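Here is the structure we will look at, set down as structure tokens.
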Amino acid sequence: MALPYGFALRREWRLRRRRASESLLPLAFFLAAATAFPIAIGPDPTALRQVGPGVIWACALLTCVATVGHAFSVDAGDGVLEQCLISAVPLTAWVACKAVVHWLWTGLPLVLVAPLLGLMFDLSAASVALLAATLLLGTPVLSLLGLLGAALTVGLRAASSLVVLLVLPLALPVLVFGCLAVSALDAGLPATPHLSLLGALLLLAIVALPPTIAAALRTSLG
Amino acid sequence: MNAAQAAVSHDMPRLRLTGLVCERGGRPLFDPLSLDVAAGTLCWIRGVNGAGKTTLLRTLAGLLMAGVGRIAWHDGDDRATRHLRAPALHYIGHLNALNGDLSVREALAFLARLHGVAADPASLRAALHQLGLAGLERRLVRTLSQGQRRRTALARLVLTLGAPMWLLDEPYDALDSEASGVLDALLVQHAQRGGSAVFASHVTPGVAVDQICMLEPPSPSVESGATPRWSPAA
């Protein structure tokens, strides 16, 4: 076994794959939400080009936080979560496995279809590439923040709406830097400072959030 | 001095509870409980519904904090520890911890690995076979009956025979007489290999247990000593 907790990764992947259509619902949500804007704004290329990156980013943000509410509820309901709390595997490692697979099924698809939506908003090739790059850096942070919200609301009935309220304010910096990078490019300014800040946020999230999510799960179940 | 300490620790029971009180909603569930469970013995926790059997087991498993009192463990190597953990301790609760979208074998393999137990295909097959699940290895858990799910969860016991401690919450639930017999045999085998087990059950187990621990509701003096935060009549 190459990965120390490969069995946990494989389990998460298997569960996602066996419910593939359910697992890809966030992607459908993202596409539907982003498509509504050109329809509402009308076929003016200049207006579309102006709002495009912001709309795509806001839709990605909403998708990540609105569809994550029940990420732990199945494991909590069938007793797997309590077994994880007292298992030989550190809870943080299990959370990290869960987060990786969660991002692969919800964050990564958004990055892959964003160029397609870019066409819909008449964005230039350079803008589309930069937009995808910012999403690649930003969506893992959104996934982790979403899981933190899900962990804090395990067992609550209004989990989904609470998660949105809890996580949206925390996710705003990601949205700001993601959009600023693309608008900097459009204004002929370098986008690298914003990309660096997004990268810094990503590193911070990778280091700090898995243990925080594990602690939140312990609190929610204790 | 060291030799004397070792001798003392050798006489120490695997689990010693001293004046343990578990609480739910700030109220004590039973009178202070003192109990020794030696290596290789079986302890049956009894009590009426709501007596605190599940809470006691969850506290021992490390899922809940004890209200008052002390829990002292000695692991298989006779080292004292405050918290016994997997793979030395195995807790099987009311919930079977099986995901419906996994096959019987995948679900069991995950639980075994999660608790640091080797799970090669041969031993998994043997464990499932022993619980009468031969031929169901590839079936998805959600297609199983309650009894078959319980059997799958209990198959972990075959993989952990002789582990220092099993904590089982109503292990006989949903089992038919044949499976109950298998569980009885597993408990005997476990004890013979030096493993201890503490289990709660409302049915009389088919094995001779070494001790029975009856959970009694707290005595009135203790109850009146605590000020109730609210009363149902108000």
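Numbers below:
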| read-out | value |
| --- | --- |
| Label point distance in nm, B:S219-B:Q192, each placed 7 Å from Cα along Cα→Cβ | 4.3 |
| Cβ-Cβ FRET estimate between A:V207 and A:R17, R0 fixed at 22 Å, reported to 0.05 | 0.15 |
| More than 38 Å apart - percent of Cα-Cα pairs taken over the protein assembly as shown | 38 |
| For B:R24, residues with placed amide H under 5 Å, excluding near neighbours | B:L29 |
| Whole-number Å³ per residue for the convex hull built on Cα positions in segment A:103-222 | 103 |
| Within the protein assembly as shown, percent of DSSP bridges classed antiparallel, to nearest 5 | 45 |
| Over chain A, equivalent-ellipsoid semi-axes from the Cα gyration tensor in Å | 33, 18, 16 |
| Estimated distance in nm for a label pair at A:S183 and B:T143, the labels positioned 7 Å out from Cα along Cα-to-Cβ | 5.5 |
| Candidates B:P164, B:P205, B:P218, ranked by Gaussian network fluctuation over chain B, Cα under 10 Å, top entry | B:P218 |
| Neighbour-count order for B:W44, A:W103, A:W13, fewest beta carbons within 10 angstrom listed first | A:W13, B:W44, A:W103 |
| HN-Hα J in Hz across segment A:97-111 - Karplus 6.51, -1.76, 1.60, θ = phi - 60°, x for Gly and Pro | 4, 4, 5, 4, 5, 4, 5, 4, 9, 10, x, 4, x, 5, 4 |
| Segment B:54-206: proportion of alpha-carbon pairs further apart than 18 angstrom, % | 57 |
| Averaged over A:80-93, number of beta-carbon atoms from partner chains that fall within 10 Å | 6 |
| Cα→Cβ-extended label distance, 7 Å offset, between B:D78 and B:D173, nm | 3.8 |
| Amide H within-cut-off set for B:C213, under 5 Å, with H built and near neighbours excluded | B:W44, B:I45, B:R46 |
| Shielding by partners, peptide A:69-75 (average Cβ within 10 angstrom, other chains) | 1 |
| Estimated [θ] at 222 nm from DSSP helical runs (n ≥ 4, -39500 (n - 2.57)) normalised by residues in the protein assembly as shown, nearest 500 | -18500 deg cm²/dmol |
| Crossing angle, helix B:146-159 versus chain B [Cα axis fit, 0-90 degrees, rounded to tens] | 90 |
| Cα long-axis angle, helix A:159-186 against chain A (0 to 90 degrees, to the nearest 10) | 40 |
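Each reported figure results from applying straightforward, stated rules to the coordinates on display, with no laboratory input. In this text, all values refer to a predicted model and were calculated from it rather than measured experimentally. Positions of Cβ are generated from backbone atoms using ideal geometry, with glycine treated the same way; all protein chains shown enter the neighbour counts.
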